[in-house]
Every structure is written in C-alpha cells, then in structure tokens.
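Contents: one structure, followed by commentary.
The values are calculated or read from the model by the stated rules, or taken from the named source; none is laboratory data. Small disclaimer: the values here were computed from a predicted structure and weren't measured. Reconstructed Cβ throughout: ideal geometry from the backbone, glycine too, with neighbour counts over all protein chains shown.
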Amino acid sequence: MFVMSSEITEQEKLDLTPETGFNLVGIDPFEVPGKMLYFIEHFDRYQEALTAKKGRNNPDEYLILYKGSP
C-alpha cells in the first residue's frame, strides 16, 4: 500500500529530522496522519542511509530525513 506524501504531516517529519546526519524512517500506511512515520536508525553519512534504505524489503516505504530536506 502506497501512502500519499500529503498524508504525512510536516510536524512528524520535523520531529524525526536530526540536527546532524540522516535518519532512516519508516512509513506505516495503516496509522492515522500525524503518526505514520517511525524511527529506524540514524546515520552520519547519506550513503550509509541510502544503502540501508535500498536493503529494505520495499525501499519505497522508507524515507531519509535530514536537516534542510523538504
């Protein structure tokens, strides 16, 4: 099930955006808006976060959040 990005609130993105580095977060499509994202792991380098995301069963169900990201 694909979640429309408009269903994910800006506040939950901000809550999981690190001051430094990169957070890999998952999307739970069965949760209500405002509670769809959950923390998986923090990385210092983008390449590490990207590799972890690609290693997941369905990479489209995961986001990499970082300071300054939209």
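Restricting attention to the range 10-67, the residues being of a type in the set (Ser, Thr, Tyr) and surrounded by 13 or more Cβ atoms within 10 Å (Cβ to Cβ) number 3. Summed over the range 12-70, the residues that are among the hydrophobic types (A, V, I, L, M, F, W, C) and assigned to a loop (DSSP other than H, G, I, E, B) give a count of 4. Beta carbons closer than 9 Å, at least 6 apart along the sequence or on distinct chains, pair a first residue in the range 51-64 that is on the phi < 0 side of the Ramachandran plot with a second that is loosely packed, with under 10 Cβ neighbours inside 10 Å for 60/2; 61/1; 61/2. All told, residue 33 meets the bar of being in contact with a helix residue (DSSP H, G or I) (Cβ under 7 Å, 6 or more places away or on another chain), modelled with pLDDT under 90 and more than 16 Å from residue 67 (Cβ to Cβ).
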